[in-house]
Each structure stands twice: as structure tokens, then as C-alpha cells.
Amino acid sequence: MGTSKTRAGAGAMAPPEEHVETGRKGIQSVDIGYRLLNALLKSKRPLSLTALSEATGMTPSKCHGYLSSFLRVGLIAQKESGGVYDLGPAALQLGLAALERVDALQEARQAMGQLCEELQETIVLSVWGNHGPTIVYKQDGPRWSPLSVRVGTVLPTLSATGMVLLSGAKPDAVEPLIRQELKATPADDPWKASSVKEILNLLERVRVKRVVSGKGQIFPGYSGICSPIYDHQGDVCAALMAMGPVPQFDRSEDGPNAHILKRTADIVSRRVGWSEKD
């Protein structure tokens, strides 16, 4: 009896699949199995056993063991043609359930505090409202400033925020709006363009770089940089902007502030289901 107590009580013979990583106890086999799911998630097409073995660094026999378990619970499905593997119905149900519980604006709002602390500047979140780009949240910077940004303010369509929000729409959908906006825009407006084509080219640039610099005219003495937040369908659902005093605030589209802003916007986008391949 004494011997068996010693063996059971000390926990010295812990199962080999248990391990400690970054201070948290986990099951190693789950971590390993997730490599297969992640490989299929990142792939644009179903994968063969050989391809999955190469992508995960596992032997084919080890891959097959995990695949068999995932097939039983529906996380992976095997296509009849070619015997390749893809994500299964259970994975789809998990994804849909997760999406239903995610609020993009709430995720963005939570990220704004950290971004404000990192940049030491005011952070603004906007969406496309009934009357155009509308500020819905703001996080004031730690330093006092005369800048007054009010929630509910509607920004110009051809502002940096407007360009970011419009960048998610198809050209034929935004062209009538752009024509109307250009017609109503005063000649001395900093965003005044010579043609609709010039604006469409700018929108394409925003889609590629995922960041755009402001012109510094909406809030005198201040300007900013803006990045898109995408939803799970790859559509732009919000615009995240960092603002600071001109000329001290670096609003260059390739500068460190832009890098930090874009990184934060990408993190929020991924949390709500966006993938960069979208």
C-alpha cells in the first residue's frame, strides 16, 4: 500500500503529453494536432497527406493518426477525389459560433487603450454612418492638448478616414459618391482631386498599403494616419486613426507610427476573423 501511495501522490510519472509552456500547463498532443488544422486553415486548397506532413514537420504516419481522430469528430473531412484533406463541418460550426460572439467595434475599442499608451497620442475609431464617416469612439492621449474630437462628428468623405472606409468598396459602387463629393468640394480643399480616376487610384493605394496619411486640415494644428479594420469577409468595417500635433507627430505612411497603427488594426481584424489572404 505504501509503495502505491508514493507513486500516485508525487505525480512524478506525469503523462508524457503534458508539458509546461509560458507558465501554463497544456497537452502537447493538442498543440501538435493543431498544426494540421492550421496548415489547412492557411492553405487555399485541400492538402494531401504528403503535403500536410511537409507543412507540419510531422511524419506521414504521425499525421495519419491525428487525421483519423479529427475525421471522427468532423474537424477534418477527406475529399473523395484524390483522397485529400480539408477542414470539416465541425470546424465550420466552431468558426461560425465564434463569429457570432465577436464584436469588431468592441475588439477595436479594447485595443485603443494600448495603442494610445504606445503612441502617446489621441486614437479615434470611425465607421460609415448614415451621413458618412462618423467617429464612434475616441481615446484621448496622455498629454493635454486643445484638440477636441467629439464622438458623433461626421468627417469629410474625402478625408483620410473616408478614404480608408471607401477602400473596402468596389469602384463601381463608390464612383457615383466620389463624383458627387468632388462636385461639392471647394477648390481650396486639400483633398480636392482633379478627377474621379485620381481618387480611385488613391483608394487602390490604400488597399495595398493599408494606411493613409491625413492632410492636417480638418482639426487645425493636428493631423493623423489611418488604417482599416477588416471583418471576417474581408470588408472594411471600421477605420482606426492616430492623431497628433503638426509637425511633431510623424504621419508618414512608412514611419514607425504608421507601422504600430497598422499592426494594431491587423490584430483587431484577425480577432474578428479576417485573414490577410482575403
Extension length gain for residue 120 and residue 41 (0.36 nm per residue less Cα distance), in nm, is 24.8 nm
Set 138/262; 42/170; 170/197; 138/183; 42/209; 215/262, cut-off 20 Å on Cα-Cα distance; pairs above it are 42/170; 138/183; 42/209
Once both label points are put 7 Å beyond Cα along the C-beta direction, the residue 48-residue 131 separation in nm becomes 6.1
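Give me the net charge for the shell around residue 224: Cβ to Cβ below 14 angstrom, other residues only, Lys and Arg +1, Asp and Glu -1. Spell out each step's value before the answer.
Details: positive: 138, 215, 251, 262; negative: 121, 140, 250, 253.
Local net charge: 0.
Using the per-residue mean of other Cβ atoms lying within 10 Å as a proxy for protection, in what order, highest first, do the peptides 228-239, 154-165, 202-213 fall? All intermediate terms of the calculation are to be shown ahead of the outcome.
Numbers: 228-239: 21.2, 154-165: 24.3, 202-213: 17.7.
With the highest mean Cβ count within 10 Å placed first, the list reads 154-165, 228-239, 202-213.
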Of 115-128, 49-62, ordering from highest average Cβ density within 10 Å down gives 115-128, 49-62
Cα-based Rg and Dmax for the stretch 201-278, in Å, come out at 12.8, 38
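We did not get these values from a lab; they are worked out from the coordinates using the rules stated. Treat the numbers as computed from the prediction; the structure is a model and nothing was measured. Please note: Cβ atoms are built from the backbone with ideal geometry, for glycine as well, and neighbour counts cover all protein chains shown.
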